Amino acid sequence: MSRAVSGLSPAALRPLPRRFYARPVLRVARDLLGRLLVHQTPKGRMVGRIVEVEAYRGRDDPASHAYRLTPRSKIMASPPGTAYVYFSYGNHFCLNVVAEREGTAAAVLLRAVEPLQGLALMARHRGVDLRDPAALRRLAAGPGRLTRAMNITGADNGRDLTRPPLYIARGRPGRRLVGRSPRVGVRRAADRPWRFYLRDSGYLSRAGTSPMRALPSRRSRDVPRTWSRV
DNA sequence: ACTACGATCTACT
DNA sequence: GTAGATCGTAGTG
């Protein structure tokens, strides 16, 4: 009954090595798009394609939890590839991957994935009915929904994301149309466009609710410069 | 000890 | 489009 899912070859499911994360966090954030978030649980394996992320830096980033090092944010200074999971708004968990080298305190927030495998399990975690056509789009669209769907909690804080049962795999990131915008829900440093997303994805946290508007773009090295209004 | 405020989501108008 | 839920974290007294 384990139907082969397209794009989930053994090669694609190989974990990203730690050195992948040991680079500037903006670079890591962009490069995480198209990769696979994998969670293997007793109930089954869930896989989602990362389509939306945000970069948070350390003492130079007022929007980051690590702007001031506290007991909570201390874990952001862990070795690259470590999970930073925190509880938000009294309701939801958010999953980050620590980036850059140990001691730097930078991380990437995973904001949305496109569900590829374990859809029924995710739907059960979310308490939604997949027969509703709109349910799939929103299944893991948003940091809280993502963790809920893939059953990621505070117990996963500090975990090593370079190996099972919870890890990020290479995927097959081909040509990617990447958009960027200011980070969602942050008031400080709102001018920094450190949110990155796959422009043609239908699984974004902000795609359905507030339409994205492509503004006249400057030329950029490898990233089309597209802002969305928030 | 007490208070203010979120890196959010859902339901309802 | 807007309000309410809901609670850990962090800053202040």
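The values are calculated or read from the model by the stated rules, or taken from the named source; none is laboratory data. Quick caveat: nothing in here was measured; it's all calculated off a predicted structure. Heads up, the Cβs are rebuilt from the backbone with ideal geometry, glycines too, and the neighbour counts pull from every protein chain shown.
Brief remarks on what is shown
- Residue ID - nearest to the chain's Cα centre (by Cα), chosen from residues in segment A:191-202 that are closer than 15 Å to residue A:63 by Cβ and outside any strand (DSSP E or B): A:194
- Residue pairs meeting the criteria (Cβ under 7 Å; at least 6 apart or on separate chains; first farther than 19 Å from residue A:80 by Cβ, in segment A:23-44; second assigned to a helix (DSSP H, G or I)): A:43/A:121; A:44/A:121
- Conditions (1) within 14 Å of DNA strand B (Cβ to nearest atom); (2) in a helix (DSSP H, G or I); (3) closer than 28 Å to residue A:139 by Cβ; number of the one not met by residue A:30: (1)
- Residue that is in contact with a strand residue (DSSP E or B) (Cβ under 9 Å, 6 or more places away or on another chain), over 23 Å from residue A:184 (Cβ atoms) and within 16 Å of DNA strand C (Cβ to nearest atom), where the choices are A:77, A:106, A:63: A:77
- Residue check, residue A:59 touching a Phe, Trp or Tyr at 6+ places or on another chain (Cβ under 7 Å), over 21 Å from residue A:152 (Cβ atoms) and assigned to a helix (DSSP H, G or I): no
- Taking the criterion of being more than 22 Å from residue A:53 (Cα to Cα), of a type outside the set (A, V, I, L, M) and assigned to a loop (DSSP other than H, G, I, E, B), the residues of segment A:123-154 that qualify are A:127, A:129, A:131, A:132.
- Residue within segment A:120-143 that is within 15 Å of DNA strand C (Cβ to nearest atom), over 18 Å from residue A:41 (Cα atoms) and among the basic types (Lys, Arg) present: yes
- Per-region count, segment A:103-123, residues charged (D, E, K, R) and modelled with pLDDT under 95: 0
- Sole residue being modelled with pLDDT of 85 or more, assigned to a loop (DSSP other than H, G, I, E, B), surrounded by fewer than 17 Cβ atoms within 10 Å (Cβ to Cβ) and within 13 Å of DNA strand B (Cβ to nearest atom), chosen from A:172, A:183, A:188: A:188
- The single condition among (1) loosely packed, with under 15 Cβ neighbours inside 10 Å; (2) modelled with pLDDT of 95 or more; (3) closer than 20 Å to residue A:198 by Cα that residue A:19 does not satisfy is (3).
- Residue A:43 falls short of the stated requirement of being more than 10 Å from DNA strand B (Cβ to nearest atom) and under 23 Å from residue A:185 (Cβ atoms).
For (1) more than 9 Å from DNA strand B (Cβ to nearest atom); (2) over 12 Å from the mean Cα position of the chain (by Cα), each residue gets a yes or a no:
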| site | (1), (2) |
| --- | --- |
| A:88 | no, yes |
| A:98 | yes, no |
| A:101 | yes, yes |
| A:120 | yes, yes |
| A:126 | no, yes |
| A:137 | yes, yes |
